[in-house]
Amino acid sequence: MRAVPLILAALRRLAGSAGLLIGASFIIYMTVRLAPGDAVDAISPMGTPPEVKAQLAAEFGLDRDPVTGYFAWLARSAVGDFGESLVFSPGESVMAVALPAFKRTVLLSGLTLLAALVLGLGLAILLGEPGPRQQVLTAPAYVLTAAPSFVVAVLFAQGMNWFVQAFVEQGGYETPPWFPIPIYSESLMPYVFAGFAMLAGDGLFMDWFNTLRAELLSLKQAQFITAVRAKGARTVGHIARNLVVPVLSGFSARLPLVLGSVVIVEYIFTLDGAGYVLLEASRARDFPMVVGLSVLFTATIIVVSLIADLVRALIDPREVARGG
Amino acid sequence: MGGKGQTLALRISGGIVAIVLLLGVIAPFIGYDPVADVDYEAQLLGPSWAHVFGTDGQGRDVAIRLVKGTEAFFLPGLLAAAIAVIGGALAGAVAGYLQGIGRSVVLGGLQLLDTLPRLVFIILLCTIMNPSITLIAGVAGLLFVPAIATVIRRKVEALGSEDYILAHVAHGFSPARILLYHILWLQCRPLLIRQATFVFGYVLFVETALSYLGDYGVQEPSPSWGNMVAQTRDLAGQAPWPWLFPALAIVVTIAAFLSFGNLLARRDEEAIR
Amino acid sequence: MTAPLLSVRGLVIEFDTAQGRRRVVDGISFELGEGEVLGILGESGSGKTVSTLAVMGLVEGNPGVVGGEVTLRNGAESLALFEGLEGVIKRRAGKPDRKNVRRWQRMVSRRMRPLWGEMMTAVFQNPRHSLDPLLTIGVQVEESIALAERSLDRAGRRARAVEWLDRVQMSDPERVYRSYAHELSGGMCQRAMIAVALARAPRILVADEPTTGLDTTVRAEIVGLFEDLLADRRRSMLYISHDIREVLHLSDRVIVMRHGRIVEEATAEDLRAGRGERDPYTASLLAAAELGEAL
């Protein structure tokens, strides 16, 4: 029946993702080995005591040739042991610091992408096919959203400060008692602004919206939708189901972009997510931390695209048949 | 659709692109000493005839720093666009042309490169070796190879079954000639134009972002649009001139490059059809 | 013959193209009686497909139908599909305004909605693109059955769906029931599409070039299938094709279209027998068909 090819396809994807993970970790490891001069000196912060240097060299297998060094490092990393933080949070294990921060980052990026999906889809349905008037409207929108996320974030951060000074600190904003979540919360506010900065920046939203609108339009004009209409059935279910596949692809394709912009946006809003930790660790040359986070970021992209692939294979029978 | 509006948009974006490229070319020949320009008598002045875009926190002229700042991304951007387009076009053409194991190997390599989160990888690179902007741009170009290769491969695969390409094969043209001239040059030119402008825009983004962060990229006192924007941190409420104009320059330049690439590609596509 | 099921009067359809306004259907009129098969014959671009889409209220594009009337008779009621059309289309500088075109297309679609499927449904060319790629054939046949026979439960619908797949001469209906469109050949997809359409039990079936793009033997099978399924004359059919032999084989009456006009209307019998005076275009089509047979 259908289950066997599906399971085979899933296993093939799983193996492919494992291969990607190994390959990507190899690239990251080799980048470390590219360090000029004495690798240990190059990667350790100034004034690192010799015994820590020795430990670093052992952790990254710098005392061996690249290939055996890589496997030694891989064996430790595979069980989540990326060594100890040197500067950012001295003495603590990298994972203990990175994981909670990373969770916040994934939440922020995921919610941002989700918001982009909801807003984009809503607008695409509302606006329908592009007419001449909308082209006039989208041109300035295009210019605005071509702004890099960090410029948008800088502006938004200014705006947030102004907002807080002008309203919140004057007591102008209070959450009505019936409203379940606080409208203004000191800890939530930067996340909301950061999310919108990522949404608006790098053309993320505009690009997503254009893709969704084009997909929706081509689906509406698809012959099988006309056939469904002609037999008097509702087209909504058919359109929605067929939209899931491009939406999933779009979601996983945009994740690397979002995980890039989140780094800078977190830094600008000083949110203690993985991006902020990454940049702070990088400035302090806290090497184990930076490598551990790089692997985490990469692994997330691989795992999410694997999940997207699997769900797509469940929904779209042609994916399994294609097998690629 | 919208022929007139499109031509106008093409002219405007093309004009901005031309100005930025021109500035990039002449900037190295402008003598500018950022230290000598410091003038504590003239801090944070608004726009005037003497200082068209005002002055920054140390009394330096924003306009000249904007012009000089193009140096930071101009050549690196061109380099990255060249690496990405040439590498992507070749890899895509080869992957589309090959069958079996060779194809799988090329595709696997491209996919591998594609999973690396670009900015995170660049930061990793910065942590290890404190690279120059040129090296960073080269790596960025390399990281864009898979994206371009995928577009080109699809096109090559689609064209591979077209009758006229088969006819070329039947006429005995060499595969290299068909791939490079008939497919890549004649058919994929619009795609490559679009991607090249995109990569250039990305390098501008990376350079300004890293310079904004301060530890990598262009270091003060040398000007970069990115480290000019970074002055918000110290001057937040005081005067918008020092950072507003660089921020605008970044946004407008990236937008102009993106839409110029898109519009040019669209016009080229229409011409091909 | 009693009052016709469908009557078309002076239908005019225009589209805006890069080269300006083009009139693709120029005032055609025809009727379709109960239990009748009307063949519409014409080369590509003659306006035959777009006129039949207009009959179903499915014409999209700008501006589309600009004049004429389509009347559908459902029992004692009759529905004028384009009633009030002139009032809705506002002209600006002689051209229909885009917004108003959308408004009347919505109006037509609202009028037609209760009649789609019930009154008429369609099968198209490119059968593979007519089926939802993400659903099994069985689910899509059942969707029609659920609308046509509301009293059936799940098991009943399933049995009826397999029955329909059997009636369209699928060799293994159970397997096809579980299959997706991409797993079937073009001919099988068209059979599946016919099952989806007929399971809806429409009074009129519109077949828009249903054999185009299929292999010769498969085409003959599909034409034979239509013949069998309509043998009881309980429903009517509009059969659109550019192949005169198919049209002559299936239809009671034939209209021939060229450049958006009807150039010929005759019974299939007269055409086959070569009786009466013919339009030169029809004559050339007939001659070509004879040549084909002689080969």
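All of the numbers you see were taken from the coordinates with simple rules; none came from a lab. Source: prediction; values computed, not measured. Virtual Cβ from ideal backbone geometry, glycine too; neighbours counted across all protein chains shown.
Summary table below
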| read-out | value |
| --- | --- |
| Span-rule helices in chain B, defined as complete DSSP H runs reaching 20 Å or more along the axis (Cα) with Kyte mean at least 1.6 | B:71-97 |
| Residue order, fewest to most beta carbons within 10 Å, for B:LYS155, A:LYS231 | B:LYS155, A:LYS231 |
| Alpha-carbon Rg/Rh ratio, for segment B:67-176, with Rh computed the Kirkwood way | 1.11 |
| Share of alpha-carbon pairs per 5 Å distance bin for segment C:122-201, given as whole % | 3, 19, 32, 27, 14, 4, 1 |
| Rg over Rh, two decimals, segment B:123-177 (C-alpha only, Kirkwood Rh) | 1.32 |
| Ranking of A:THR235, B:THR7 by count of other Cβ atoms within 10 Å, fewest first | B:THR7, A:THR235 |
| Unit charges at the beta carbon, dipole of segment A:3-321: most positive-side option, A:ILE22, A:HIS238, A:ALA299 | A:HIS238 |
| Estimated inter-spin distance, C:ARG158 and A:GLU51, nm [label 7 Å along Cα→Cβ] | 7.2 nm |
| Farthest positive-ward along the protein assembly as shown dipole, Cα basis, beta-carbon charges - from C:GLY213, B:TYR202, A:THR105 | C:GLY213 |
| Whole-Å distance, taken between Cα centres, linking segment C:229-278 and segment B:51-74 | 79 Å |
| Cα lying deepest toward the dipole's positive end in the protein assembly as shown, options B:PRO242, C:ILE262, C:GLN19, charges on Cβ | C:ILE262 |
| Whether segment B:19-67 is rounded, prolate or oblate, judged on the alpha carbon gyration tensor where a/c under 1.5 counts as rounded | oblate |
| Volume in Å³ per residue [convex hull over Cα atoms, computed for chain C] | 154 Å³ |
| Normalised contact order of segment C:122-201, rounded percent, pairs of Cα under 8 Å and 6 or more residues apart | 47 percent |
| Under 18 Å from the Cα of B:LYS155 - aspartates and glutamates, other chains or at least 8 residues apart | B:ASP163, B:ASP268, B:GLU269, B:GLU270 |
| Share of Cα-Cα pairs in segment B:96-148 lying beyond 19 Å, as whole percent | 38 percent |
| Scaled radius of gyration (Cα, divided by 2.2 N^0.38 Å) that chain A gives | 1.21 |
| Rounded to the nearest 20 debye, dipole of segment A:219-319 from Cβ charges on Lys, Arg, Asp, Glu | 780 debye |
| Cα-based shape type of chain B, given that a ≥ b ≥ c are square roots of the gyration tensor eigenvalues and the cut on a/c is 1.5 | prolate |
| Top of A:ARG241, A:ARG229, A:ARG285 by mean-square fluctuation, Gaussian network on chain A, Cα under 10 Å | A:ARG229 |
| For segment A:194-324: relative contact order, % (alpha-carbon pairs under 8 angstrom, 6 or more apart) | 22 percent |
| Estimated dipole of segment B:27-101 in Debye, rounded to 20 [Cβ of Lys and Arg +1, of Asp and Glu -1, Cα centre] | 400 debye |
| In degrees, nearest ten, helix A:3-33 long axis to first principal axis of chain A (Cα) | 40 degrees |
| Chain B: most fluctuating residue of B:GLY261, B:GLY100, B:GLY141 per GNM, C-alpha cutoff 10 Å | B:GLY100 |
| Cα centre as origin, Lys/Arg/Asp/Glu Cβ charges: segment A:3-321 dipole, Debye | 1620 debye |
| Environment charge of C:GLY61, counting only residues whose C-beta is closer than 10 Å and scoring Lys/Arg +1, Asp/Glu -1 | -3 |
| Antiparallel %, DSSP beta bridges [both residues in the protein assembly as shown], to 5 | 65 percent |
| Order of C:GLU174, C:GLU142 - criterion: other Cβ atoms within 10 Å of each residue's Cβ, fewest first | C:GLU174, C:GLU142 |
| Estimated [θ] at 222 nm from DSSP helical runs (n ≥ 4, -39500 (n - 2.57)) normalised by residues in chain C, nearest 500 | -11500 deg cm²/dmol |
| Chymotrypsin sites (Phe, Trp or Tyr not before Pro) within segment B:8-115: DSSP coil, no more than 14 neighbouring Cβ in 10 Å | B:TRP49 |
| Rg followed by Dmax, in Å, when the protein assembly as shown is reduced to its Cα trace | 33.2, 109 |
| Relative contact order %, chain B, counting alpha carbon pairs below 8 Å whose residues are six or more apart | 26 percent |
| Helical mean residue ellipticity (222 nm; -39500 (n - 2.57) per DSSP H run of 4+; nearest 500) of chain A | -24500 deg cm²/dmol |
| Whole-angstrom gap from segment C:182-210 to segment A:71-131, using each part's C-alpha centre | 48 Å |
| Neighbourhood net charge (13 Å Cβ-Cβ; Lys/Arg +1, Asp/Glu -1) for A:GLY195 | 0 |
